[in-house]
Every structure is written in structure tokens, then in C-alpha cells.
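What follows is a single structure, written as C-alpha cells, with notes after it.
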Amino acid sequence: MEYQKITRKERDCLVTVVENTSKGFPMKLADLSRKLKIKPPTALDLVRRLEKKGILESKKGMIIPTAEGIKRYEIIIYAHRIIECALKDSGESDVDSCLEAAGYDYLVSTNLVSEMDHLLGNPETCPHGKRIVRGEANEYQSL
Ligand SMILES: [Zn+2]
């Protein structure tokens, strides 16, 4: 399955929306713009772009991820945690590993992530102690 490419800002927007709607409530545009530290019109533009890509849905300033958006998020987070583990192993601090991983966790192919995961010995948690969930990520061949 091929995915539409997303930008770094779209990635940050998706991650923020999924993490703030995990209890089933939609996210307000005002809260999204505050969390992303961007103006509401800029946040709305990001949301519109992600709607066109089938990743988010919005109604009257309330935003939720689509099922595809959630899958996409899970793949990004899986890549994020594996990259963090690899960077940490090569001597980076937890904070630097996280910041650097966010720079390309949304670009790297799941094949490469699975390979890195295997080479790292399938770690159970990232350097911050968050659980690494493999789940459906392995069904997808590329981002
Ligand atoms: Zn982490």
C-alpha cells in the first residue's frame, strides 16, 4: 500500500490530534493551534490539507483523525521509537534521540524500520520507557 506523502508540519499536526483525541473526544482548532504554536488560520490550513489526504476530519472547528489517520500515526510512532532506540544505542541522549527521530520518523519505510527493529533485538520500550507497539505497522510496505 502506498501512502500520500506528508510534510513535517502535517506529521506534527497528526500526532497532536491523535494524542489529544485518544479518549474519544474531538480536538478544538484553538487547542491545536496553541499546541502547535501556530496561528489558527495556519492550523486550519494544515487540517484542510490532511482532510484532503484522508487523514483528518473536521466539523465546526472540531477535529478527529480518520481510521487511516490513526493507522498512519501508529506507523509513525513505531518508527519514532525504533529510531530513538538506534540513536540512543549510538550514544545520543534521550532528548536528542526524540528530537532527531521526529525529523524523519514519518519518512522512513516500514521495511527499514522492521529491519532496524530486528537488528536492535526487538526492544520492548523506547528510551523513555514507552512501549513499542508493532501491530499492524508491519502490514504496510511504505509510507
Ligand atoms: Zn520515546
Within the range 38-55, is even one residue in contact with a helix residue (DSSP H, G or I) (Cβ under 6 Å, 6 or more places away or on another chain) and among the hydroxyl-bearing types (Ser, Thr, Tyr)?
-> no
Pairs with Cβ under 7 Å, 6+ apart, first in the range 51-78 and of a type in the set (S, T, N, Q), second modelled with pLDDT of 95 or more = Ser58/Val47; Ser58/Glu51; Thr66/Gly54; Thr66/Ile55; Thr66/Leu56; Thr66/Glu57
Among the residues of the range 24-78, write down those that are polar (S, T, N, Q), under 28 Å from His128 (Cα atoms) and surrounded by 17 or more Cβ atoms within 10 Å (Cβ to Cβ).
-> Ser33
Kindly list, by first and then second residue, each pair from a residue in the range 80-104 that is of a type in the set (S, T, N, Q) to a residue that is near the ligand (Cβ under 8 Å from one of its atoms), limited to pairs with Cβ atoms under 7 Å and residues at least 6 apart or on different chains.
-> Ser97/Glu84; Ser97/Pro127
Considering only residues of the range 107-137 that are among the small types (Gly, Ala, Ser) and surrounded by 12 or more Cβ atoms within 10 Å (Cβ to Cβ), which is nearest to Lys9 (Cα to Cα)?
-> Ser109
Single condition Lys39 does not satisfy, out of (1) away from the ligand (no atom under 16 Å from the Cβ); (2) at pLDDT below 95; (3) among the basic types (Lys, Arg) | (2)
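Table: residues versus (1) within 16 Å of the ligand (Cβ to nearest atom); (2) in the same structural domain as Val15 (by TED's automatic domain parsing); (3) on the phi < 0 side of the Ramachandran plot.
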residue	(1), (2), (3)
Leu56	no, yes, yes
Lys59	no, yes, yes
Leu87	yes, no, yes
Asp94	yes, no, yes
Ser97	yes, no, yes
Thr110	no, no, yes
Val113	yes, no, yes
Leu120	yes, no, yes
Search result, residues across the range 15-28 that are out of contact with any helix residue (DSSP H, G or I) (no Cβ under 6 Å at 6 or more places or on another chain) and part of a helix (DSSP H, G or I) = Val15, Val17, Glu19, Asn20
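The values are calculated or read from the model by the stated rules, or taken from the named source; none is laboratory data. Bear in mind that the values here come from a model prediction, so they are computed numbers and not experimental data. Note that each Cβ is placed from the backbone with ideal geometry, even for glycine, and that neighbours are counted across all protein chains shown.
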